[in-house]
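Working notes, structure below.
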Amino acid sequence: MVVDQYFPHIGGAERQISILSLALRGLGVRTWVLTRRLDPSHARVKRMGGVAVVRLGPAVGGILGRAAGGMALAIFLLTRRRRWQVLHVHGQNPFELGAAVAGRLCRVPVLVKITVSDFLLPISTANYSRFAPMSHVKRQLAGRGRRLLLRLAHVVVALNEEIERTARRVGARRVERIPNGIATELFPPASPAERQQVRCRFGLSDTTVVFLYSGRITPQKNLELLLEAWDRFIRARAGVAPVCLWLLGVPDNPEYCRRVAIRAEGTSSVQLLGRTDDPRPYYRAADVFVLPSLREGISNALLEALSSGLLVVASDIPGNRAVVNHLPGTWLCAPLGPDAFVSAFAEAVPAARSRSQATRLAQHHWVGSRFGISETARSYLSLYQELTSKAS
């Protein structure tokens, strides 16, 4: 497994690699995680969760750090070429490109998983460019590097229809659809007694409807728009039964986090809960999961919330549509304005109060049948076996 960043950095790709590696180990596949060394204090080789993690390159940030890390990775792979049967690349950065080049030189099959829908555009060229300005030259270089990565791959794995369509358009030789998966047994709906107990621990009344966001605090998550929508929703509900919004997340962008915190302080009934290594108590206490992102591949947190039986209000983007399109108890909202979110919040409150345990359990089983990590791992194993048989 090759990825630009790994734990202690927490994001969707890192969490997915961790649970997928464990599931593959249960199927007899030995995995390594190769990643950049972002901090001099991090050990170059360490076992994490039963998986060997190797950190490569200098502890330097920015585009130079990624390029240097990619070169170190390519050298590492080329000098140990007999160890690898498949290179499974997660993402679309210069570090991952180094793996694809080395794989081609070593004659090792390269599988590239694209993690976001607009992967040919750097984050700063999407419709939230005001958060991260990028020069024209860097945009051109990033776009060309990502196109080259797709063309070097033996197989591109797409999480949703838009990723698949774009990958085919730019010349990927083969594209397969394999969704992210989660261990749904870890995210069952709470029983009424468990739910009451955990809500009591959080100091919630029986009548309070809890909206929950869980994820990174970054511009692509669109949290300023969420807070604007929440403020309008609260103003329209003056004197009505209590609601609250929890923001549970990892601060990834200091300036953006500061703006979100300032906005949250001025918005009624919002709590910034910070980072947690175990979001399950929050899922058990909450009623509605909110995901206003501007882009996603397939969100792990969205799958966890659905498995936990929560209602969902999410942005209408390809990654979210791939999961919840037409699913009862979900609302998809245009991500560039607050109006649709305000309306969805208003509809979700009575739906949350009338939601039955049977409905929560049915939703949990539906998620397991479509997004269980065991099935995802078996799909990858089948692909690995096909690739290695052709390479031999």
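The values are calculated or read from the model by the stated rules, or taken from the named source; none is laboratory data. Everything quoted here is computed from the prediction, not taken from an experiment. Heads up, the Cβs are rebuilt from the backbone with ideal geometry, glycines too, and the neighbour counts pull from every protein chain shown.
Some values worked out for this structure:
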item: Scan of the range 349-391 for residues that are of a type in the set (S, T, Y), more than 27 Å from S18 (Cβ to Cβ) and surrounded by 12 or more Cβ atoms within 10 Å (Cβ to Cβ), ordered by number; result: T359
item: Filter result (assigned to a strand (DSSP E or B), surrounded by fewer than 19 Cβ atoms within 10 Å (Cβ to Cβ) and touching a strand residue (DSSP E or B) at 6+ places or on another chain (Cβ under 6 Å)) within the range 37-66; result: V45, K46, A52, V54
item: Residues of the range 180-193 satisfying the condition of being part of a loop (DSSP other than H, G, I, E, B), buried (at least 19 other Cβ atoms within 10 Å of the Cβ) and either at pLDDT below 95 or among the hydrophobic types (A, V, I, L, M, F, W, C) (or both); result: F187, A190
item: Candidate set from the range 263-291 (those that are part of a loop (DSSP other than H, G, I, E, B) and closer than 22 Å to T208 by Cα); member that is modelled with the lowest pLDDT; result: S268
item: Condition check for R275: closer than 19 Å to Q16 by Cβ, under 19 Å from the mean Cα position of the chain (by Cα), surrounded by fewer than 21 Cβ atoms within 10 Å (Cβ to Cβ) and among the basic types (K, R); result: yes
item: Close pairs from the range 3-19: first surrounded by fewer than 19 Cβ atoms within 10 Å (Cβ to Cβ), partner charged (D, E, K, R) and part of a helix (DSSP H, G or I), Cβ under 6 Å, at least 6 apart; result: F7/E14
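Residues are listed down the side, and each one gets a yes or a no for (1) modelled with pLDDT of 95 or more; (2) among the small types (G, A, S); (3) within 27 Å of V240 (Cα to Cα); (4) assigned to a helix (DSSP H, G or I):
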residue	(1), (2), (3), (4)
G309	yes, yes, yes, no
V313	yes, no, yes, no
G319	no, yes, no, yes
L327	no, no, no, no
L332	yes, no, yes, no
G337	no, yes, yes, no
A340	yes, yes, yes, yes
A344	yes, yes, yes, yes
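Quick grid of which residues meet (1) in contact with a strand residue (DSSP E or B) (Cβ under 7 Å, 6 or more places away or on another chain); (2) surrounded by fewer than 16 Cβ atoms within 10 Å (Cβ to Cβ); (3) not assigned by TED's automatic domain parsing to the domain that holds G145:
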position	(1), (2), (3)
G171	no, yes, no
R177	yes, yes, no
R195	no, no, yes
L204	yes, no, yes
Y213	yes, no, yes
R216	yes, no, yes
L226	yes, no, yes
A229	no, no, yes
